[in-house]
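Derivation of every value follows stated rules applied to the coordinates shown; laboratory data play no part. Note that this is a predicted model, so its numbers are computed, not measured. All Cβ positions, even for glycine, are placed from backbone atoms using ideal geometry, and neighbour counts span all protein chains on display.
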């Protein structure tokens, strides 16, 4: 493995190159939350779980919820830790176990934020995600060097205001 020096992809979208054969990542937009010498962590933000709703997830977790979560979409963040529950969200950022990704974005995976979301007391903007995408040391650097991904800065509009089916195309328009 070659030691490539790349800038951190934290705070960037990784966009699957057109025609990527890997079904886990074909036509995906991945929000990168960490990238350093130890590896990288990101979350696919344009794949909705085909069956699971917010109500079912909160029931499975034993979290009391109101009707606002009945049809809440749950996203599939990647093939790593598929049962792990994560929240990408806007302010406030005072939840337990939060990682700041950008001035306007954090990643949390603590019960307190889920309990707040379940009763409409959480952040105004959020995505609940199962699983993540992970890369070992230098793995993402090598993939970037081999042009396996396109990149652009993360966008609050794409994350929280763009419909799931349009996120990939809208992110691609940021590049071209």
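Before moving on, here are some points about what is shown:
- Dividing the convex hull volume of the alpha carbon atoms of segment 107-176 by its residue count gives 124 Å³ per residue.
- Taken along the Cα-to-beta-carbon direction at a fixed 7 Å, the label points for residue 8 and residue 102 span 1.5 nm.
- Descending semi-axes in Å of the chain, equivalent ellipsoid built from Cα gyration tensor: 28, 17, 15
- Taking 0.36 nm per residue of separation and subtracting the current Cα-Cα distance, fully stretching the chain between residue 124 and residue 111 would add 3.0 nm.
- Per-peptide average of other Cβ atoms within 10 Å, ordering 112-120, 66-74 highest first: 112-120, 66-74
- Our helix-only sum for the chain, with -39,500 (n - 2.57) per DSSP H run of n ≥ 4 divided by its residues, gives a mean residue ellipticity at 222 nm of -5500 deg cm²/dmol.
- Between residue 163 and residue 36, the FRET efficiency estimated from the beta carbon spacing at R0 = 30 angstrom works out to 0.40.
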